[in-house]
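The block underneath contains the structure these notes are about, expressed in structure tokens.
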Amino acid sequence: MKTIKPIFSLILVIVVVTIIIPTLLVLPFSTEKAVGKLAENTETAKKKAEPVVALPDSAVEVAVYRAAEKQIQKLPLETYVAGVVAAEMPADFEIEALKAQALTARTYIVNQLAHKDGVALPEGADVTDTEMHQVFNSEKELKKFWGSDYSWKIKKIHQAVAETAGQIITYGGNPITATFFSTSNGYTENSEAYWEQPYPYLTSVSSPWDKNSPKFYDKKIIPIREFEAKLGVKLSDSKTVGTVTERTPGKRVGTVKINGKKWTGKEIREALDLKSSDFNWERKGDQIVISTKGFGHGVGMSQYGANGMAKEGKTYQEIVKHYYKGVEVASSNSLLSKLTAGK
């Protein structure tokens, strides 16, 4: 029995150590409240798919000529409108500005479907995907362009299209020529000041919001030799490089004379590839430094102006009625019904 006691004592010690010591280690924390947990902050946990607003069904299809692929893609009308809005206006603009853009895009294509313009199109196409008509991007292209921002951006675009679905801008009951551009010089332009045909709803209006646009000012430097070659003139040694002889209703250059030769502001803009026809220049050494205000032709709705109005609480109806004078926001159902009946 004497030999058994030491063994029994050893076993007893092991049991005590195994049971009692862990209890002592845990016991001090048992009455404490938890103040920290193992958190998870991975990219997978952060990124949750945004539910995309469904676009309304449409019986009308738009046959878009995809210039890069040289093939025609047929799309439901509202899907096409969404692709135009996404391509033509930044998705981070205010929702009411995006709605105004959706109206212009839809009005344009409804008008185009009803009355094809004189632009030559491949057989079977209604419109191109370029600036010749309206720029259009597919959802596949937008996923590539937007990357990780695709989800929230497409949701916002779809919302703008869905909440204006079936609506167009009309004048006298007919869809208008809904032109738009990026940034004004503080005023929009009369249509006849830039193009030949006057439209009663495309007249100059004030657009002060554009001064906040990152595209409001631009500067371009052109060597004198290039300037002379592009305009077909020879500059004299005079300090004056041409004279503005007329201004447009939108306060852009109407006409300018350079060493006896007369140009319109539009011609100068196109020849020198300027952002706007509201320009000024000065000669510095062997270069001409040209400053411009605004970006685009200036006729119709200013996109940055629309965004500025939306930031001030204006609705999309108020925005389009400011930039297109005397118009109404109306349903396109009767016109689209005629189009589908005619097919």
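The values are calculated or read from the model by the stated rules, or taken from the named source; none is laboratory data. Note that this is a predicted model, so its numbers are computed, not measured. Positions of Cβ are generated from backbone atoms using ideal geometry, with glycine treated the same way; all protein chains shown enter the neighbour counts.
Taking the stated definitions as given, is GLY147 surrounded by 22 or more Cβ atoms within 10 Å (Cβ to Cβ), free of Cβ contacts under 8 Å to residues at least 60 places away in the same chain and either aromatic (Phe, Trp, Tyr) or outside any loop (DSSP other than H, G, I, E, B) (or both)? Steps first, answer last, please.
On the way: surrounded by 22 or more Cβ atoms within 10 Å (Cβ to Cβ): no; free of Cβ contacts under 8 Å to residues at least 60 places away in the same chain: yes; either aromatic (Phe, Trp, Tyr) or outside any loop (DSSP other than H, G, I, E, B) (or both): yes.
It is false that GLY147 is surrounded by 22 or more Cβ atoms within 10 Å (Cβ to Cβ), free of Cβ contacts under 8 Å to residues at least 60 places away in the same chain and either aromatic (Phe, Trp, Tyr) or outside any loop (DSSP other than H, G, I, E, B) (or both).
Would you say TYR316 is out of contact with any Gly (no Cβ under 8 Å at 6 or more places or on another chain), modelled with pLDDT of 95 or more and surrounded by 14 or more Cβ atoms within 10 Å (Cβ to Cβ)?
Working: out of contact with any Gly (no Cβ under 8 Å at 6 or more places or on another chain): yes; modelled with pLDDT of 95 or more: yes; surrounded by 14 or more Cβ atoms within 10 Å (Cβ to Cβ): yes.
Here the answer is yes, as TYR316 does meet what is asked.
For the stretch 81-132, give me the residue count where each residue is over 20 Å from HIS297 (Cα atoms) and of a type in the set (Asp, Glu).
Qualifying residue count for the region: 5.
Please return the ranges of strands (runs of 3 or more DSSP E) entirely within the stretch 245-343 where 2 or more residues are of a type in the set (D, E, K, R) and farther than 22 Å from PHE180 by Cβ.
261-264, 279-284
Filter the stretch 183-216 down to the residues that are exposed (fewer than 15 other Cβ atoms within 10 Å of the Cβ) and not in a loop (DSSP other than H, G, I, E, B) and list them by number. Don't jump to the end; show me each part of the working.
Filtering the stretch 183-216 down to residues exposed (fewer than 15 other Cβ atoms within 10 Å of the Cβ) leaves 196-198, 200, 206, 208, 212, 214.
Those that are exposed (fewer than 15 other Cβ atoms within 10 Å of the Cβ) and not in a loop (DSSP other than H, G, I, E, B): SER206, PRO208, ASN212.
So, in the stretch 94-122, exactly how many residues are over 21 Å from the mean Cα position of the chain (by Cα) and either more than 20 Å from LEU335 (Cβ to Cβ) or part of a loop (DSSP other than H, G, I, E, B) (or both)?
Here the count works out to 8.
When both residues are 6+ apart or on different chains and their Cβ atoms are under 8 Å apart, which pairs have a first residue that lies in the stretch 296-322 and is without any contact (Cβ under 8 Å) to a residue 40 or more places away in the chain, and a second that is outside any helix (DSSP H, G or I) and not polar (S, T, N, Q)?
Partner pairs satisfying both residue conditions: GLN317/VAL329; LYS321/VAL327; LYS321/VAL329.
Looking at THR183, THR170, THR164, which is the one that is of a type in the set (Ser, Thr, Tyr), over 30 Å from ILE290 (Cβ atoms) and under 18 Å from the mean Cα position of the chain (by Cα)? Spell out the reasoning first.
Values: THR183 fails: over 30 Å from ILE290 (Cβ atoms); THR170 fails: under 18 Å from the mean Cα position of the chain (by Cα).
Step by step, each of THR183, THR170, THR164 is checked, and only THR164 is of a type in the set (Ser, Thr, Tyr), over 30 Å from ILE290 (Cβ atoms) and under 18 Å from the mean Cα position of the chain (by Cα).
Of everything in the stretch 261-312, what is surrounded by 15 or more Cβ atoms within 10 Å (Cβ to Cβ), among the hydrophobic types (A, V, I, L, M, F, W, C) and under 20 Å from ARG247 (Cα atoms)? Give them in sequence order.
Answer for the stretch 261-312, where residues must be surrounded by 15 or more Cβ atoms within 10 Å (Cβ to Cβ), among the hydrophobic types (A, V, I, L, M, F, W, C) and under 20 Å from ARG247 (Cα atoms): TRP263, ILE268, LEU272, LEU274, PHE279, TRP281, ILE290, PHE295, VAL299.
Residue-wise test of (1) touching a residue at least 40 places away in the same chain (Cβ under 8 Å); (2) assigned to a loop (DSSP other than H, G, I, E, B); (3) of a type in the set (D, E, K, R).
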position	(1), (2), (3)
GLN134	yes, yes, no
ASN137	yes, yes, no
LEU142	yes, no, no
SER151	yes, no, no
LYS155	yes, no, yes
VAL161	yes, no, no
ILE169	yes, no, no
THR177	yes, yes, no
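Residue check: is VAL84 in contact (Cβ under 8 Å) with a residue 60 or more places away in the chain, at negative phi, touching a helix residue (DSSP H, G or I) at 6+ places or on another chain (Cβ under 8 Å) and crowded, with 21+ Cβ neighbours inside 10 Å? First the steps, then the outcome.
Working: in contact (Cβ under 8 Å) with a residue 60 or more places away in the chain: no; at negative phi: yes; touching a helix residue (DSSP H, G or I) at 6+ places or on another chain (Cβ under 8 Å): yes; crowded, with 21+ Cβ neighbours inside 10 Å: yes.
Here the answer is no, as VAL84 does not meet what is asked.
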